[in-house]
Amino acid sequence: MIFIFDRRWKAKIKNSIQLLALLCSVLVIPYASAEEESPETDVSEVDVHDVPVHNALETRIFASVGGFFSTRSFNVTVEGSVAPQVPRQFVDFESDFNADDSPELFVAELRWQFAEKWNLGLQYFSSTRNARAVLEETIEWDDLVFDVGADIRAGTHVDITRIVLSYNFIRKGGHDLRLAGGLHWLEMGASISGEATLGDGSTAFASNRASASLPIPNVGAVYQYSPSAKWLMTIRADWFSASVGEYSGSIWNTMASANYQVAKHIGLGAGYQFFQIDGTVDADKWRGDLKVRFDGPFLQLTGFW
């Protein structure tokens, strides 16, 4: 897979690295200094089954904050009060309205081992965009028709909260395998405003917003491997495909990362995340289809204790 970084991507990554460096200078150096003063352990006295691993596998709480430099695709349809005879074309907010397709997202994650083999995990990220464009093709949205040449303002909003309960099946020799079940709570919305043709054929300025709250269950697995006390590799996948409540379709949330322990309770991580939802919504304020995707690299500052 080949990644092409333009100037915007380079600036985003440069700014994130500078932010991480600043955080490290404030948080990491005091811990590193304290560790240097502690006596070293004689390797010959360590049992082969007690070889040191990354501290995140030995502590009960893991937390991270960081930046997610994703590319984004937001494609939806919104049906009117009377379903059309022919399925509507997807509205592509990136191409139709020139919405930013590579937004910087804040990401936070927390995992708590509350029993010997049980863990509770949370993840959150959010994205809000606003755009303006002159239409190059007609767009149907709810009971409105926005014609070619209309000056349109559009916006999207996505809040994603992942909540999972996981059970440790393997935890030995630097290997950690957990099977999980939980849900993704999605708050999604999209709006369009501008000169439109109304249902009675007249034209006027109109604004319409479609929104939905979608609690979607999922199953998944997490595998972590620590080859040494400094490194931790993680692979995670969540998946669901069925009809539940107001949503019918599939959801994927996958991630692969590497974390370097720079101090006893602090690490720096980098990885790649892919999130996609593809289905149909039948809610009070949104009836239609959606295809939403986030994918890209991320950087994170982690803590474990």
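Read-outs throughout are calculated quantities, based only on the coordinates presented, and are distinct from any laboratory measurement. Keep in mind the model is a prediction, meaning the values are calculated, not measured. Cβ coordinates were reconstructed from backbone atoms using ideal geometry, including for glycine residues, and neighbour counts include every protein chain displayed.
Fully extending the segment from GLU137 to ALA258 would add 39.1 nm, taking 0.36 nm per residue of separation and subtracting the current Cα-Cα distance. Length available on full extension from GLU104 to ALA63: 0.36 nm per residue minus the Cα-Cα distance, which gives 12.8 nm.
Summary of packing: across the peptides 145-154, 257-266, the per-residue average of other C-beta atoms within 10 Å ranks them, highest first, as 257-266, 145-154. Panel note: the C-alpha atoms of the range 223-305, placed on their principal axes, show extents of 50, 23, 21 Å (largest first). Residues in the range 214-234 near a label at PHE169, defined as backbone nitrogen under 12 Å from the 7 Å Cα→Cβ point? Backbone N within reach: 220-223.
Semi-axes, largest first, in whole Å: what does sqrt of 5 times each Cα gyration tensor eigenvalue give for the range 53-304? Write down the numbers at each step before the final one.
Details: eigenvalues 349, 71, 29 Å².
So the equivalent ellipsoid measures 42, 19, 12 Å along its semi-axes.
Which distance in Å, rounded to a whole number, links the C-alpha centroids of the range 169-211 and the range 107-139? Each part reduced to its Cα centre gives a spacing of 10 Å.
Using a Förster distance of 22 Å, how high is the FRET efficiency between ALA204 and ARG153, based on the Cβ-Cβ distance and rounded to 0.05? Could you put the intermediate results ahead of the total?
On the way: r = 15 Å, r/R0 = 0.69.
My answer for the efficiency is 0.90.
How much length, in nm to one decimal, is gained on full extension between PHE114 and ALA270, taken as 0.36 nm per residue of separation minus their Cα-Cα distance? So the chain would gain 53.5 nm between PHE114 and ALA270. Highest average first, the peptides 290-299, 165-174 ordered by how many other beta carbon atoms sit within 10 Å of their residues are 290-299, 165-174.
In the range 141-266, the convex hull through the Cα atoms has an average projected area of 11.9 nm², a quarter of its surface area.
As a rough guide to protection, the peptides 184-194, 278-288 ranked by mean Cβ packing within 10 Å, highest first, stand as 184-194, 278-288.
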